[in-house]
1. Based on the mean of other Cβ atoms within 10 Å per residue, sort peptides 57-69, 18-30 so the most packed one is first.
2. Give me the percent relative contact order of the range 1-83, please, defined on Cα pairs under 8 angstrom at least 6 residues apart.
3. How far, in nm, would the chain grow between residue 26 and residue 160 when pulled straight, counting 0.36 nm per residue and subtracting the alpha carbon separation?
4. Sort 7-17, 121-131, 136-146 by the packing proxy (mean of other Cβ within 10 Å over each peptide's residues), most packed first.
Amino acid sequence: MSTSKVMETTPMGALIGRMAGEYRAKKSVYDIPEALFRKVFEAEPDSRGFEVLGSRILYPVGPAAGPHTQIAPNLVASYLGGSRIFELKTVQVNDKLEIAKPCIDALDEGQNVEWSTELSLVQAREEYLRGFLALRVLKALFAESGAGDFLFNMSVGYTLDGIKSPK
């Protein structure tokens with residue numbers, strides 16, 4: 001489980017279990033109706049797409065980096081809604097700092113506290129991998145022939161030392 005004061009990670013079994021169970025029971029995934037996400041998948045083969053970092057991306061849209069992109073269920077919901085480029089939250093070597101969370105608060109005024117992360121590096125990596133695998137499963141199950149790919153665009157480190165760090 002997550003050590004975040006705000007966010008919880010999702011074990012792979014729980015992630016896939018929720019997706020499969022909800023789909024069987026309600027024909028939706030994370031409350032996104034099948035009729036809606038089927039339209040997204042059905043339109044993909046007709047899209048010319050764009051070349052982005054060596055991948056053919058059909059819909060050049062997706063969530064901006066923030067705490068919400070650290071959690072696999074949010075990546076799944078974004079993908080089903082048509083997102084194909086995911087700007088993942090910056091992960092950095094200083095993942096144990098005690099900083100007010102959430103680090104981005106936009107209820108009535110946007111604030112961002114630098115050098116902050118909701119999850120540890122290990123937790124973020126595991127959650128990104130779970131999200132990536134879940135999107136691959138969804139693509140295999142629902143995408144039409146000729147569908148494009150999706151892209152995880154990750155920003156790492158706030159400093160060159162952080163990027164070079166073995167951590």
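What follows is calculated from the coordinates using simple rules that are stated; it is not laboratory data. The model shown is predicted, which means the values in this text are computed figures rather than measured ones. A quick note on method: Cβ atoms are made from the backbone with ideal geometry, for glycine too, and the neighbour counts reach across all protein chains shown.
1. Order by mean packing, descending: 57-69, 18-30.
2. Relative contact order for the range 1-83 comes out at 29 percent.
3. On the way: separation 134, 0.36 × 134 = 48.24 nm, distance 4.76 nm.
Gain on stretching residue 26 to residue 160: 43.5 nm.
4. Result, highest mean Cβ count within 10 Å first: 121-131, 7-17, 136-146.
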